[in-house]
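Below is one structure, written out as structure tokens; comments come after it.
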Amino acid sequence: MVNTALARRSSPLSLRVIFGVLLGLLVLSFTLGTGAPAAHAATSDVCVANAETGCFTGTIKGVGAGVKLTIDGNGLNVPAETDEDGKWNAAVTVAGVYTITLDEASLPEGVTLKGDAVQERDITLGFVKATIFAVDGATGDGADNGPTQEQIAAEGFNWDRLAQQVVSGLRLGLLLALASIGLSLIYGTTGLSSFSHAEQVTLGGLLGYTFANVLGLNIFLTIVIVVILTGATGWLQDAVIWKPLRKKGLSLTQMIIVTIGLALALQYTFQMFYGASTVRILMKNPDTFTIGPVTLTFESLWAMGLSVIVLILVGLFLLKTRTGRATRAVSDNPALAAASGIDVDRIIRLVWVIATALAGLSGVMLGLVLNGINWQTGMQLLLLMFAAVTLGGLGTAFGALVGSLIIGMTVELANFVVPGDFKYATALLLLIIILLVRPQGIFGRKERIG
Amino acid sequence: MDMWIKVLYDMSANMILPTTAAFAIAAIGLNVHFGFTGLLNMGQAGFMLIGAYGFAIATIAGWPFWAAVLATIAAGTVFALLLGIPTLKLRGDYLAIVTIAAAEIVRMIGRASVLNDVTGGSNGLPGETFRNTFSVLSPFPDGKTAILWFDFDNTGVNGWFIRLVAWSLVVIFAVLVWLLMRSPWGRVIKGIREDEDAVRSLGKNVFAFKMQALIIGGVLGAIGGMFYVLPTSLQPDALGRNMTFLIWTAMLLGGAATIWGPVLGSALFFALRIFIQGTVDILVPDSILNTQQTEQFSWIMVGVALMLLVIFRPQGILGDKKELNFNV
């Protein structure tokens, strides 16, 4: 299967020079990021409960943006306004009883309040208190439910809803696939389950915010820059951390813990530079369109299209090019690949670059599709990625693709069977069941499970 | 100068916090898993969370204290069984992924709004709803007592009583683990860590031994979780993935596969983090890093420390490199 004529190819030196320059840019972007949170805070700042802050929060289904509320009490008067999903939140700095008043005049036309417009709630600092205002006549479920949005328990089955959920599932699956193919390639070539891969996704999203929102660049240009920069972080990581550690002979378990340490460090780095709130890549509210029963944002549509194109390109690269074949050869058997003249280290370096670049791309598009990104967006998806990779068979790139689509569908379709809160849990349960029944995954081979 | 004294005070106060003791108990449990048996458990926070829920929900349902403690132990045991059956026969990194996934499932179920009446949803359960059955056991009179430079309530939320109980348990569990590990059972367990096949060829049921170790460490995690929420409150998100990673850091810092490593590691972990935060806070002006950022900086350093520790000194402070097996 491995072509023995795969001789060592000259290393793409010019590529490295470009990466070197871009690393400088990366540092610059971080510096820019430092000043950013205050000046460019997104419209939908999410309240984060901590020792000094308590959060009132709620979702008024289907009313859209612009419904006004006031939170009054303990010498504070905090205004709040719903965002396009009907979500609102408000931070208070004193514990105690507050009166929450919904301004009925700000409700959209045709929507009426079912219960009281004034509610009293007691809050303790460090806690989030949900307050429900029930309304009549709202436009139903928001159009574009991304995975971070809560969905109320299954309201029964109908074909329209199925179609919408299938498309949402496909969208999540495609974005997941972009991220998890990299995870799978890294696992395949080095045996490492990289826990810091999630932070590469977050990095992509936050860099997208930096360039598109803070610096105001065109979104497509932003995507190109983000992909190059995140790819550069992969190159840098392999050069500074992973290659020396492989040479040092560190065991895989140690390496896994190193990725965990890196993930922790990166998460708090993101928080330090970007704050804990959710930021938006594009400031304007997304436009939607409807085909039959399915309503999507335009961002979702082209994010899905772009994912498909990139996934096809990655597939062609792995199947048709010499380097791609060499990558699969290293996945199969590194020693044999090295013996047949493949520069294993160069392939692994390339895999790190591809993996982190794809993760970064996935991050930007997640930020667009979910209409917001924060320091833990990637972390919330990490286990879904692992589930997808395990389901497809650890280390098989195409398995990761199929696994991602199945996991994406599972997450979105789980709503029909279980309450919305449990949709991620369902995917993780699926992961455990797969390990029970077929631990090598769909495309994996038995000997991998050891 | 005052600022430095405050840092020193904060460091020492953090070392003797009841939550630090709880953390140490969970780390002792993780050490049974990883240090002695070689199981890559990445879901120790899940054991803590399920133990905490067991205690809190049972107490709120009106169970007496000791029955609630039994509920905690039962919760840890059942969780270990559920996790172990599918995964203990698989390779190590599968166990890692399954344990982390299972811990997340517990957290997601716990914070689901459907279960608001039972688990309190994402707000969790406030400490005062389940703390009383424990507090009334205190033999101490009301009032405050000062020992050294510490001045705490005798019985209050964060008082001497819970500190005494939690740290006594740390010592008891450490001694128990020491006794266990020098018993014939412990030798089999360490044998499994070194060479599973060799132990199997001696006719030992490796799966059963691993399962027993998983249960013992898991129950310690559950009890740790119970003591973690007693002086604070039960918030599912506080016992998430990062908690597991911090326990790993503490265990590796002190020394895996040693008796006192997890304990020393836990105390040092909190003290060092406060030290970094305090030092940076004093030395770096607010215009460069504000107070919140210094805290985040200290957590970044925790991540970096974990990396450096595993790379350059995997045996930690007290450990012996030969006792470690990272090739699970």
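Nothing in this text is a laboratory measurement; each read-out follows from the coordinates by a stated rule. Values in this document were obtained by computation on a predicted structure and should not be read as measured data. So basically every Cβ, Gly included, is an ideal-geometry build from the backbone, and we count neighbours across all protein chains shown.
Shape of region A:201-338 from the C-alpha gyration tensor: oblate (a/c of 1.5 or more and a/b not above b/c, with a ≥ b ≥ c the square roots of its eigenvalues). Shown is the FRET efficiency for B:N154 and B:T279, computed with R0 = 45 Å from the Cβ-Cβ distance and rounded to the nearest 0.05: 0.85.
Amide H contacts for B:F152 (H built 1.01 Å from N in the peptide plane; partners 5 or more residues away or on another chain; cut-off under 5 Å): B:T145, B:I147. Look at B:T37, A:T190, A:T321 and count the other Cβ atoms within 10 Å of each Cβ; fewest to most, that gives A:T321, A:T190, B:T37.
Set Lys and Arg Cβ to +1 and Asp and Glu Cβ to -1, take the dipole of region A:228-338 about its Cα centre, and tell me which of A:P293, A:G249, A:L264 lies farthest positive. Projecting each Cα onto the dipole axis, the largest value belongs to A:G249. Counting only other chain Cβ atoms within 10 Å of each residue's Cβ, the peptide B:89-100 averages 6. The H on the amide N of B:G255, modeled in the peptide plane, is under 5 Å from the matching H of B:I317, B:L318, each at least 5 residues off or on a different chain. Under 23 Å of direct C-alpha separation, and excluding same-chain neighbours fewer than eight residues apart, B:K322 reaches these lysines: A:K247, A:K248, B:K190, B:K210. For the protein assembly as shown, a Kirkwood radius taken over Cα pairs fed into Stokes-Einstein (4 °C, viscosity 1.567 mPa s) yields D = 47 µm²/s.
Here region A:169-205 is scanned for amide nitrogen atoms under 18 Å from the site 7 Å beyond the Cα of A:D345 along Cα-to-Cβ, giving A:189-191. In order along region A:282-298, phi translates into HN-Hα couplings of 10, 7, 6, 6, x, 8, 10, 9, 10, 10, x, x, 9, 10, 9, 7, 4 Hz, rounded to whole numbers, per the Karplus curve 6.51 cos²θ - 1.76 cosθ + 1.60 with θ = phi - 60° and x for Gly and Pro. The phi-based Karplus calculation (6.51 cos²θ - 1.76 cosθ + 1.60; θ = phi - 60°) puts the 3J(HN,Hα) values of region A:332-347 at 5, 6, x, 5, 5, 4, 4, 5, 8, x, 7, 7, 4, 4, 5, 4 Hz, whole numbers, x for Gly and Pro. Cβ crowding within 10 Å ranks A:F298, A:F270, B:F173 as A:F298, B:F173, A:F270, fewest other Cβ atoms first.
Please label the shape of region A:268-317 as rounded, prolate or oblate, based on the square roots a ≥ b ≥ c of the eigenvalues of the alpha-carbon gyration tensor (a/c under 1.5 means rounded; beyond that, a/b larger than b/c means prolate, else oblate). Since a/c reaches 1.5 but b/c is at least a/b, the shape of region A:268-317 is classed as oblate. Taking region B:21-57 and a reference point 7 angstrom along Cα→Cβ of B:I317, the backbone N atoms nearer than 20 Å belong to B:21-32, B:35-36.
Of the trypsin sites (Lys or Arg not before Pro) found in region B:141-198, those in coil by DSSP whose Cβ has at most 14 other Cβ atoms within 10 Å are B:R182. Considering only B:G76, B:G303, B:G186, the mean-square fluctuation computed in a Gaussian network model of chain B, springs between alpha carbons under 10 angstrom, is largest for B:G303. May I ask you to list the residues of region B:222-254 whose amide nitrogen lies under 19 Å from a point 7 Å from Cα along the Cα→beta-carbon direction of B:F140? Label zone hits: B:227-233.
Note on region B:211-328: Rg/Rh from C-alpha atoms, Kirkwood Rh, equals 1.02.
Full-extension gain between B:S113 and B:L81, please, as 0.36 nm times their residue separation minus the C-alpha to C-alpha distance.
8.8 nm
Proximity of backbone amide H atoms, modeled 1.01 Å from N, is registered between A:G58 and A:W88, A:T131 at under 5 Å, excluding neighbours fewer than 5 places apart on the same chain.
3J(HN,Hα) along region B:295-304: 5, 4, 4, 5, 6, 4, 4, 4, x, 5 Hz, from the Karplus curve 6.51 cos²θ - 1.76 cosθ + 1.60 with θ = phi - 60°, whole Hz, x for Gly and Pro. A straight line joining the Cα centroids of region A:289-337 and region B:39-101 runs 39 Å. In plain terms, the bigger the Kirkwood radius, the slower the diffusion; for region B:71-141, with that radius from Cα pairs, at 37 °C and 0.692 mPa s, Stokes-Einstein puts D at 222 µm²/s. The C-alpha atoms of region B:205-259 occupy a region whose extents along the principal axes are 41, 24, 20 Å, arranged from largest to smallest. With a Förster radius of 60 Å applied to the C-beta separation of A:L282 and B:D197, the computed FRET efficiency comes to 0.60. Fewest to most neighbouring Cβ within 10 Å: what's the order for B:K210, A:K68, B:K321? Least crowded to most crowded, the residues run B:K321, A:K68, B:K210. Would chain B count as rounded, prolate or oblate if I go by the C-alpha gyration tensor, calling it rounded below 1.5 in a/c and otherwise prolate when a/b exceeds b/c, oblate otherwise? Oblate is the answer for chain B, as a/c is 1.5 or above yet b/c matches or exceeds a/b.
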